[in-house]
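Take a look at the structure set out below.
Laboratory data are not the source of any read-out in this text; all were calculated from the coordinates shown. From a predicted model like this one, the values you see are computed outputs, not experimental measurements. Every residue, glycine among them, receives a Cβ derived from its backbone with ideal geometry; neighbour counts consider all protein chains shown.
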């Protein structure tokens, strides 16, 4: 019964760009992921997907206007809460590109590296170390609604996948570039629509099933 923790921001929480509410269960990529993983499994092989998404979450930065957004402050407690874990899926980085943070893509990737190290430094008791999948988020669109908060956000977001893939390779983690399967909705230029959630869930499921079969 593999257990998967999905740790992310508003696109993991399920922010709906059409109404600023939450996509329902069955639409969010996390719940769709669980459906894909369990299409041909017995009850004993059931995959459990644990959602840990928060709007505005960063890798390592604390937003003075929105408390509790520092992912590195939350992750250790979350890991201990949900153990045992077989996989940790991290999809963060977009909010690190906000103008108030040192938002160069290389710095964002180092924030991802810190989260990887936290996972490996966590006391897993007698349980094995979880495997890690790093997902680079879909790039932002050019959008005036976000222009003040994300200076040059579109250009920087396009560079995240390159830097994330390097960190994932160096740290021997799995990697998925979300931009290869989905994109941010043109409605707000930042959050995924229903089709994006479906495509991302399918891509992650394929990767996890393949890696699980290799073991």
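Compute a Gaussian network model of the chain, connecting alpha carbons closer than 10 Å, and tell me which residue from 109, 184, 74 fluctuates the most. Judging by the Gaussian network model, the answer is 74. The C-alpha radius of gyration of region 51-108, expressed as a fraction of 2.2 N^0.38 Å, stands at 1.18. Largest mean-square fluctuation among 21, 131, 100, in a Gaussian network model of the chain whose springs join Cα atoms under 10 Å apart, belongs to 21. Measure nothing fancy, just the Cα-based angle from helix 194-214's long axis to the longest principal axis of the chain, in degrees from 0 to 90, nearest 10. Roughly 40 degrees between the two axes. Arranged from fewest to most other beta-carbon atoms within 10 Å of their beta carbon, 89, 78 become 78, 89.
How much length would be gained if the chain were fully extended between residue 65 and residue 172, taking 0.36 nm per residue of separation minus their Cα-Cα distance, in nm to one decimal?
35.0 nm
The length gained by stretching the chain between residue 212 and residue 180 to full extension, at 0.36 nm per residue less their Cα-Cα distance, is 9.3 nm.
The tail of the calculated P(r) for region 34-82 beyond 18 Å holds 49 percent of all Cα-Cα pairs. With the gyration tensor restricted to C-alpha atoms of the chain, the semi-axes of the equivalent ellipsoid amount to 26, 20, 15 Å, longest first. Helices in the chain, meaning DSSP H runs of at least 4 residues, each add -39500 (n - 2.57). Divided by all residues, the mean residue ellipticity at 222 nm is -12000 deg cm²/dmol. When the Gaussian network model of the chain links Cα atoms closer than 10 Å, the mean-square fluctuations of 19, 62, 124 top out at 19. Taking all Cα pairs closer than 8 Å and separated by 6 or more residues, the relative contact order of region 3-214 comes to 24 percent.
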